[in-house]
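Structure first, commentary second.
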Amino acid sequence: MAKLCCRDVRFPNIEAVIFDKDGTLEDSEVFLRELGQKRVRLIDAQIPGVGEPLLMAFGIQENFLDPTGLMAVGSRRENEIAAAAYIAETGRGWLESLAIARDAFAEADRYLKDIAGTSPLFAGSLEALKLLSEAGLKLGILSADSTPRVQEFVKRHHLTAYIQLEQGADQGISKPDPALFIQACQSLGVEPASTLMIGDSAGDIEMGHGAGAAGCIGICWGSTTAAHLESADVLISQLDEIQVLD
């Protein structure tokens, strides 16, 4: 076990650390915004008038992606259902609405396939993972993204030596359900009470607290304030603020 410190908060007896992916380790804001915009354009081309409210639901405003919005924190399934709900409001049946949303999402994937998986790691992420791994901690990623995309992320950034768990939200439950965190801890062979959660969304923090995590660290890159992370035990602006104490 290790003792970790963030600013003036200490976390003793830690065996594992679980990270969110998008917005925590991966700087994916540009890609997520472009993906959401493409999905909306494809749907609006079929059903004019749906575009603007759907952009708002996704949390996309011109060149800004709301860190609390659906594109930033929701699973693909949740985004599909939200899109289908707006389509259904036009009078189409639910199954037809779901089919339109799914087809648009698949087409957006094909259109953006050349830039999918090109989002960089946040500066210092690799070093932080290496530091924690060398301290003997088990490390995992628990994302609202799909498990295959988490696995691709780990492979692309050469993180296999540091990451023991690559888990997405594709098993029927999603954040902030504490069951996800509990499953992740079971896969790592640790108890939630000896595991830290690090994420950039309120869902990450709520999930960790609900599962009885040893602590929840909120991260808002480049900022020392984030209203949506006020329930975190401590807020950091970059991962190198996490220190391993002797």
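The values are calculated or read from the model by the stated rules, or taken from the named source; none is laboratory data. Note that the structure is a prediction, hence the values are computed from the model and not measured. Every residue, glycine as well, gets a Cβ built from its backbone with ideal geometry; the counts of neighbours run over all protein chains shown.
Details
- Out of Ile141, Ile163, Ile242, Ile198, one residue alone is touching a helix residue (DSSP H, G or I) at 6+ places or on another chain (Cβ under 7 Å) and closer than 29 Å to Glu80 by Cα. It is Ile141.
- Applying the criterion of being among the basic types (Lys, Arg) and within 22 Å of Asp170 (Cα to Cα) to the residues of region 78-120, the residue that is surrounded by the most Cβ atoms within 10 Å (Cβ to Cβ) is Arg102.
- Qualifying residues in region 135-181 (those that are hydrophobic (A, V, I, L, M, F, W, C) and free of Cβ contacts under 8 Å to residues at least 40 places away in the same chain) - the one farthest from Ala2 (Cα to Cα): Ile173
- Meets criteria (closer than 28 Å to Glu191 by Cβ and at pLDDT below 95) for Gly117: no
- For region 115-132, a residue qualifies if it is part of a helix (DSSP H, G or I) and either under 21 Å from the mean Cα position of the chain (by Cα) or not hydrophobic (A, V, I, L, M, F, W, C) (or both), and the qualifying residues are Ser125, Leu126, Glu127, Ala128, Leu129, Lys130, Leu132.
- Test result for Leu112, without any contact (Cβ under 8 Å) to a residue 24 or more places away in the chain and under 22 Å from the mean Cα position of the chain (by Cα): no
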